[in-house]
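Report on one structure; see the data block that follows.
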Amino acid sequence: MHQQLILVYNKSITDVNFMEKLNRFINKTKKSYKSLPDKKQYIEVFTAALTVPVLLTVIIINLNNLRSTSKPTQVIPSPTVDRQIIVNYPTSVDNTKTGAPSPSAACQQGIGPISIDYPNENETITDNPVQIDINYVKGDYCAVVWSYKINDGKFSGYDDKSIALYNPPQGMTRFQLKVKSIVTGEEKIITRIFIYKGISDISPTASGSAN
């Protein structure tokens, strides 16, 4: 019975303490609420102070956006790709189509067969002019030109024309024909001796080929 009384007493004390604490909290809350209008100005100042950094942050972000848009866009060139160009050259050329001479068509160097067919050696001639018959077949050889002289005279200029001797000296006449290759410069001299007994006239003494 005594223990039950102690428990009831302790419980009542605990309830009293709890009620006192609750009343204190309620009174404190009422005082704080009543004093809230007086502290409103401090709250507004604190709110404004927090608003300034936010505004500065927004302004800085907008300025950075404007600068980035005003800068010209840098175009990055695309990497170039090296292309290998292959050219196929023909292995052979048809010279008959291009008109260019083939190696086989090149002339043979040197002087081909050439001779004096008329007059014959030591033949007596009465014709005026005396026609010198030169037998030359070019064939595959390179072209030649010739010059001539009578006895101890000077050689004429080079050409490839026929030769006619007007009013050659009477008696034994030595005719020299100098043949020259126009490619190699090789020279060859052919000598023919004949006897002239013709009648002289006032015609030129040499053909048009002599100078």
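The values are calculated or read from the model by the stated rules, or taken from the named source; none is laboratory data. Just so you know, these numbers come straight off a predicted model, no measurement behind them. Note: ideal-geometry Cβ built from the backbone for every residue, glycine included; neighbour counts use all protein chains shown.
Table for the structure above
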read-out: Subset of segment 127-149 [part of a strand (DSSP E or B), farther than 17 Å from K188 by Cβ and not β-branched (V, I, T)]; value: Q131, D133
read-out: Positions within segment 166-189 being in a strand (DSSP E or B) and on the phi > 0 side of the Ramachandran plot, in sequence order; value: G171
read-out: Meets criteria (surrounded by 12 or more Cβ atoms within 10 Å (Cβ to Cβ), closer than 13 Å to I195 by Cβ and hydrophobic (A, V, I, L, M, F, W, C)) for I125; value: yes
read-out: Test: T184 is among the β-branched types (V, I, T), out of contact with any Gly (no Cβ under 9 Å at 6 or more places or on another chain) and assigned by TED's automatic domain parsing to the domain that holds Y118; value: no
read-out: Residue satisfying condition, being in contact with a helix residue (DSSP H, G or I) (Cβ under 7 Å, 6 or more places away or on another chain), at pLDDT below 65 and part of a loop (DSSP other than H, G, I, E, B), within set P101, P77, P90, P72; value: P101
